[in-house]
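Contents: one structure, followed by commentary.
The values are calculated or read from the model by the stated rules, or taken from the named source; none is laboratory data. The model shown is predicted, which means the values in this text are computed figures rather than measured ones. FYI the Cβ positions are ideal-geometry reconstructions off the backbone, even for glycines, and counts take in every protein chain you see. Side chains included, ligands, DNA and RNA excluded: accessible areas come from the protein's heavy atoms. Shrake-Rupley method; radii C 1.70, N 1.55, O 1.52, S 1.80 Å.
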Amino acid sequence: MKMIIALIRPECLEAVEEALAKVLDEGDNFRLTIDSVEGRGRDAGDVEYVRGREVRVRTVPKTRITIAVNDAYVEKTIAAIVAGAKDGEVGDGKIFVLPVEDVVRIRTGERGEKAI
Amino acid sequence: MVLLMVPGLALFYGGMVRRKNVLTTMMMSFVAMAVVGVQWVLVGYALSFGQSQGGLIGWDPALLALQGVPHTKLFGDKAIPELVFVMFQGKFAIITPALISGAIAERMRFRSFLAFTLLWTTFVYCPLAHWVWAEGGWLFKLGVLDFAGGTVVHIAAGVSALVLALMVGARRDVEKGHVILPNNLVLTLTGAGLLWFGWFGFNAGSAVAADHPVAGAVAGLAFTTTQSAAAAAGLAWMMVERWHHGKVTSLGLASGIVAGLVAVTPAAGHIHPAAALLLGASASVLCYSAVQLKGRLGFDDSLDAFGVHGVGGIWGALMVGALCFTPVQASLEQVGKQALGVAAAAVFAGLGTFVIAHGLKRIWGLRVSEQQEREGLDLHVHGERGYHFDQV
């Protein structure tokens, strides 16, 4: 079992979700956690104007998606995320794969690969 | 309508500061309604519009707490009850210290600001209002024109704001050169809209002093000039911004509109609509430049209380002399009188602010602690957070 954490451009979320629905067994009912984060990277950051003063904001907003998958689905999931999130420009984001020790479905108490 | 400008100002200012200080900033405007609201009824009206003592201050024991003003009494030769006039003027007294709060946002101690509001209104605003608007006031008798408060409100507030900002000192993050972004421009724009609307009450309503027995034609003129100046100023700021940075910002449009409204305030019932277009546009350019200059000079007038209200008010007050057609024609002599009014207001307000702030600095200090400034005033001063977006 693996936890895949991806930092993607916020505007790519829909495309990533569509791609994931195609490769995961549950179709549209796959489980995903989404949050809004900001961070630094090779992006120069956006320029904003406040009363005529130019301000370069060094941090950039990104969307973080977290999905737990069984080992057989790791490569498919990565490919789907890349397909949805890739623009070809600096700032496309990054994907991390982490090992998962256990998973519990709170409603039924199921554990392990079944619970994912 | 004029009182609506106070929540409008609160929103305008509140949206421009950082999230951790949004409530405190709004409070400084709101609280003026409470503090000055009471002060005005108790002594403020008496000091501003009471029997003139040598043209310098009003006084009339019968006006204390308005006991000597029966609700049926009409104001002078006008068709409005005096209490209506009292309340109308009271709104001006309320918004003036609220304007000052923009300069010291995010770092002034709340209790010091409350005390400052009370003392400043009593010892600076009331005398100044008396000088300019009371029949016995020395500037009024000299023929200085101030239709709706360019001098009494905007110059007084703007100059005092500058002095106070210098005395309180810059925000630590500003000194370090950190980025300070507005937490909610949506609030700021909403506030600007309410200010624009309320300003019609501010300017057109001031015709009550000019027309007999009801505010009629002059109110119509003030309505028109106010709208014209605001619109022209908004356009001008957008154009200057586009030229300067290649972008037209929403904060810029909001600021431009306010600059125009400020500049036309002393002139609303004295100039032609076409002149108002000119006044608004020129004020916008001047205020934009003043705000840029602030950046170069390095003082922290956080929300440009001097840059917009001070500069706009001074320009408007002077230009009245050059553009007026009623009750007198434009002339160099009138410009001279206007300049006297500007100078008197600026010096008096500046000195008064210095003395009051200096005293408060000795008693309570003017700034919050470094930790409070870092963590935010909302939590430390008011025990509240402005937003709990994550809460269900």
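Assorted remarks:
- Note on segment A:1-83: percent of Cα-Cα distances in each 10 Å bin, starting at 0 and stopping at the bin with the largest distance, equals 16, 42, 23, 13, 6, 1.
- Label-to-label distance, A:Glu101 versus B:His245, with points set 7 angstrom from Cα along the beta-carbon direction: 5.0 nm.
- GNM top mover of B:Asp211, B:Asp146, B:Asp300 - chain B, alpha-carbon springs below 10 Å: B:Asp211
- Rounded to the nearest 20 debye, dipole of segment B:192-306 from Cβ charges on Lys, Arg, Asp, Glu: 260
- Within segment B:224-354, the percentage of alpha carbon pairs spaced more than 20 angstrom apart rounds to 45%.
- Inter-chain shielding of B:179-189 (mean C-beta neighbours from other protein chains, 10 Å cut-off): 2
- Counted over segment A:36-116 with a bin width of 5 Å, the fraction of Cα pairs per bin, in whole percents, is 3, 11, 16, 16, 14, 13, 9, 7, 5, 3, 2, 1.
- Separation in nanometres of the label points that stand 7 Å from Cα toward Cβ, at B:Ala322 and B:Lys176: 4.5
- Peptide A:51-63 has a mean shielding of 4, counted as Cβ atoms of other protein chains within 10 Å of each residue's Cβ.
- Pairwise FRET efficiency - B:Trp364 versus B:Lys73, Cβ, R0 = 41 Å, nearest 0.05: 0.50
- Efficiency of FRET from Cβ geometry, B:Tyr387 and A:Arg56, R₀ 22 Å, rounded to 0.05: 0.30
- Cross-link check: pairs B:Lys294/B:Lys361; B:Lys247/B:Lys294; A:Lys86/B:Lys20; B:Lys78/B:Lys141; B:Lys91/B:Lys337; B:Lys91/B:Lys361 evaluated at a Cα-Cα cut-off of 30 Å; pairs beyond the cut-off: A:Lys86/B:Lys20.
- Accessible area per residue (1.4 Å probe, heavy atoms of protein chains only) ranks B:Trp243, B:Trp59, B:Trp120 as B:Trp243, B:Trp59, B:Trp120, with the largest value leading.
- Largest-first ellipsoid semi-axes for chain B, taking √(5λ) over the Cα gyration tensor eigenvalues, angstrom: 32, 25, 19
- Around the Cα centre of segment B:331-392, unit charges on the Cβ atoms of Lys, Arg, Asp and Glu (plus for the first two, minus for the last two) sum to a dipole of about 360 debye.
- Solvent-accessible area, 1.4 Å probe, carbon plus sulfur percent, for segment B:85-191: 64
- For the peptides B:311-319, B:2-10, the ranking by packing is B:311-319, B:2-10, with the highest mean count of neighbouring Cβ atoms within 10 Å listed first.
- Longest DSSP-loop-exposure-free segment, trypsin sites (Lys or Arg not before Pro), chain B, at most 13 other Cβ within 10 Å: B:248-392
- Using C-alpha pairs below 8 Å separated by at least 6 residues, the relative contact order for segment B:116-245 is 14 percent.
- Modelled FRET efficiency - R0 22 Å, A:Arg31 with A:Ala83, Cβ distances, 0.05 increments: 0.70
- Kirkwood Rh and Cα Rg combined as Rg/Rh, the protein assembly as shown: 1.12
- Options B:Leu4, B:Gln67, B:Met27, ranked by Cα towards positive dipole end of the protein assembly as shown, top entry (Cβ charges): B:Gln67
- Averaged over its residues, the protein assembly as shown has an accessible area of 44 Å² per residue, based on protein heavy atoms and a 1.4 Å probe.
- Modelled this way, with points 7 Å down the Cα-to-C-beta line, the labels at A:Glu110 and B:Arg19 are 3.7 nm from one another.
- In this structure B:Phe30 has an accessible area near 80 Å², from a 1.4 Å probe over the protein heavy atoms.
- Leading residue at positive end of dipole, chain B (Cβ point charges), from B:Leu142, B:Ala98, B:Ala322: B:Ala98
- Computed about the Cα centre, the dipole magnitude for segment B:143-247 is approximately 380 debye when only Lys and Arg (+1) and Asp and Glu (-1) carry charge, each at its Cβ.
- For the pair B and A, total buried accessible area rounded to nearest 100 Å², probe 1.4 Å: 1100
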